[in-house]
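Laboratory data are not the source of any read-out in this text; all were calculated from the coordinates shown. It should be emphasised that the depicted structure is a prediction, and the values quoted were computed from it without experimental measurement.
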Amino acid sequence: MSDVREALMVGRGSTGKPVARPLSPHLQVYRLPLTAILSFSHRITGIALSVGTFVLVWWLVAAATSDASYATVSWFLRSPIGYLALFGWSAALWYHFCNGLRHLAWDFGHGFELSQSRASNRMVLIGTALFTVLTWVIGLAAQ
């Protein structure tokens, strides 16, 4: 037996005789398609957007309470970690938006052909990158 996969390849044929049969799909050898990775990422970005919304609420409460609180939040958001968090949050927002449009098209029955699915994968990733960079170029140019 060369590895754990062989140990797990045990089943019984119609005669009851043991036969070597792979588990399908085995996670060590199965490669997820890009559509599945993007679907999982859609859920992850939804969680990231929820966490980012708490930061947005923190900023709004600080702005409404006092100048000192607002200065503290502004200091954090203008730090390198703050910029990284804001960049990640904006990328998650645009990804979730673009992928949500794809899901909306699917709800109407469009885009299920393999070629259309692969094209929409690329469109979601390109749209996310384009909109995120455009948001930051416009935002930083306004400073």
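Annotations for the structure displayed:
- Compared with the dominant Cα axis of the chain, that is its longest principal axis, helix 67-77 is turned about 40°.
- Computed with the Debye formula from one identical point scatterer per Cα of region 50-95, without solvent, the log10 of I(q)/I(0) at q = 0.15, 0.16, 0.18, 0.26 Å⁻¹ comes to -0.38, -0.43, -0.53, -0.93.
- The chain: proportion of alpha-carbon pairs further apart than 22 angstrom, %: 60 percent
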